[in-house]
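So the structure is just underneath, and the comments pick up after that.
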Amino acid sequence: MWNISSRSIRVKLIAITGGIGSGKSVVARIVSEMGYNVYDCDSRAKALMTEDAQVREQLIDSFGIETYLEDGSLNRQHLSQVAFNDKSALDRLNSIVHPATARDMQCWAEGQASLGATLAFVETALLRTASLDRVVDEVWHVTAPAPVRVERVMARNGLSEQQVRSRISAQAAEDAIAEGEHVIVNDGVKAVLPQVMHLINQ
């Protein structure tokens, strides 16, 4: 468990992970509706790229002043064109954003512990890439067949089948289920809630 040494309070962190279109957000929403707090790595990372002065400075140094628009918001189109077409640039982006997100998550976890929470969740698509597997106590890996995932993402994001399959392929390492991880099947057929309840009550 994540130990807060100054107050000797401990909070158990469970990661909810899975590839694009697997339905991990559905699981995160279920536990949230059950009253548990969930740290959304994706939304917090996006917020930090705008709100965190150190992150902003590093991004500008790495990708140019055009990384931000005149109103101060992130120029996502520019960043995507630069980073996602060049592996070294993507690695640089990750080296800036992932540590900042990990620090932010730690502060959040400490806040949960100080409020008396004993269990909290972290939703992330990049469990191993961001090294979050080293700090969580348990992993729930959400899965779905590739055709289901492709259909979901095409409908949600307006991407072509080829684009979706390319993203799934790029996440192959994250999609692999590691020993000790709990699997939740979210294929649109098997009910998700009983699987969640079983894991919480085990």
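FYI, it's all coordinate maths here, none of it is from the lab. Small disclaimer: the values here were computed from a predicted structure and weren't measured. FYI the Cβ positions are ideal-geometry reconstructions off the backbone, even for glycines, and counts take in every protein chain you see.
Annotations
- Candidates 20, 107, 63 compared by Cα position along the dipole of segment 12-151: farthest toward the positive end lies 20, with charges placed on Cβ.
- From most to least packed by mean Cβ count within 10 Å, the peptides 193-201, 112-120 give 112-120, 193-201.
- Mean separation of Cα pairs under 8 Å and 6 or more residues apart, divided by the residue count, gives the chain a relative contact order of 36 percent.
- Extension gain from residue 118 to residue 133, taking 0.36 nm per residue of separation minus the Cα-Cα distance: 3.5 nm
- The chain - share of DSSP beta bridges that are antiparallel (%, nearest 5): 20
- Stokes-Einstein diffusion for segment 6-138 at 20 °C, viscosity 1.002 mPa s, with a Kirkwood radius from C-alpha pairs, works out to 134 µm²/s.
- Shape category assigned to segment 73-202 from the gyration tensor of Cα positions, a/c cut at 1.5: oblate
- Legend: helices of the chain (whole DSSP H runs) are marked when their alpha-carbon atoms reach 18 angstrom or more along the helix axis and their mean Kyte-Doolittle hydropathy is at least -0.5; marked are 87-114.
- Dipole of the chain, positive direction: furthest Cα of 147, 131, 157, with charges on the beta-carbon: 147
- Computed from point charges on the beta carbon alone (+1 for Lys and Arg, -1 for Asp and Glu), the dipole magnitude for the chain about its Cα centre is near 380 Debye.
- Global geometry of segment 119-194, whether rounded, prolate or oblate, following the gyration tensor of its Cα atoms and the 1.5 cut on a/c: oblate
- Segment 87-160 shape via C-alpha gyration tensor axes, a/c threshold 1.5: oblate
- Mean residue ellipticity (222 nm) of the chain, computed from DSSP H runs ≥ 4 via -39,500 (n - 2.57), nearest 500: -15500 deg cm²/dmol
- Cross-link reach list, lysines versus residue 12, counting only Cα pairs under 29 Å and skipping chain neighbours closer than eight places: 24, 46, 190
- Range in the chain, longest, excluding exposed GluC sites (Glu not before Pro) [loop by DSSP; at most 13 other beta-carbon atoms within 10 Å]: 71-178
- With 0.36 nm allotted per residue and the present C-alpha distance subtracted, the residue 85-residue 177 stretch has 30.4 nm of extension available.
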